[in-house]
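The values are calculated or read from the model by the stated rules, or taken from the named source; none is laboratory data. Model, not experiment: these values are computed from the prediction. A quick note on method: Cβ atoms are made from the backbone with ideal geometry, for glycine too, and the neighbour counts reach across all protein chains shown. The area values use the complete protein model at the heavy-atom level, side chains included, leaving out ligands, DNA and RNA. Shrake-Rupley method; radii C 1.70, N 1.55, O 1.52, S 1.80 Å.
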Amino acid sequence: MRAQRPWIWPTLMTLAALGVLVSLGVWQLQRSEWKTALIAAVEARMASAPLTLEAALAGGLTDAEFRKVRIAGVFDHAKELRLFTQRQDEGVGYAILTPLTRADGATLLVERGFVPQVLAEPSARKEGQAEGVVTVTGWIRLKDEPRG
């Protein structure tokens, strides 16, 4: 009987560690199912036909994210924003954000894409400076959280 006693504590610790590892594995499987469902929902929204902005926002802001919308308005190029960024495949440049004012007076910020540094100035990309009423189709995105 005495020969088996020293093995009790290591055996109990091993069983406790095994229980923790199994529970973490189950949690990862559940998280994987949740993430797969989330990706499928986002892909379905992005592949759907464009909605009006009002229809996309009918269920609230959170429900509107990744909905495809079509809006019409006039770009305010004088208030264009350039956010310095670097893209692995395109190099250093700027993300261009331009306010779009709709007929009802509402203004939306439209991310128009990436331009390399040499095209930072609007005069260098005249074909992108659309005048008059334009129709834009894109996806609603909420603000990104800072990454640490």
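For this structure, a couple of remarks:
- Of the strands (runs of 3 or more DSSP E) lying entirely inside the stretch 69-148, those containing at least 3 residues that are touching a Phe, Trp or Tyr at 6+ places or on another chain (Cβ under 8 Å) and within 21 Å of Leu53 (Cβ to Cβ) span 91-101.
- Residue check for Val134: at pLDDT 90 or above and touching a strand residue (DSSP E or B) at 6+ places or on another chain (Cβ under 7 Å): yes
- Inspection of the stretch 69-78 identifies no residue that is over 20 Å from Thr101 (Cα atoms) and surrounded by 10 or more Cβ atoms within 10 Å (Cβ to Cβ).
- Taken together, the residues in the stretch 33-60 that are closer than 29 Å to Thr107 by Cβ, open to solvent by 50 Å² or more (accessible area, probe 1.4 Å), of a type outside the set (Gly, Ala, Ser) and assigned to a helix (DSSP H, G or I) amount to 4.
- Filter result for Leu15 (open to solvent by 80 Å² or more (accessible area, probe 1.4 Å) and over 21 Å from the mean Cα position of the chain (by Cα)): yes
- Looking only at residues in the stretch 89-119 that are among the small types (Gly, Ala, Ser) and within 24 Å of the chain's Cα centre (by Cα), the one that is most open to solvent (accessible area, probe 1.4 Å) is Ala106.
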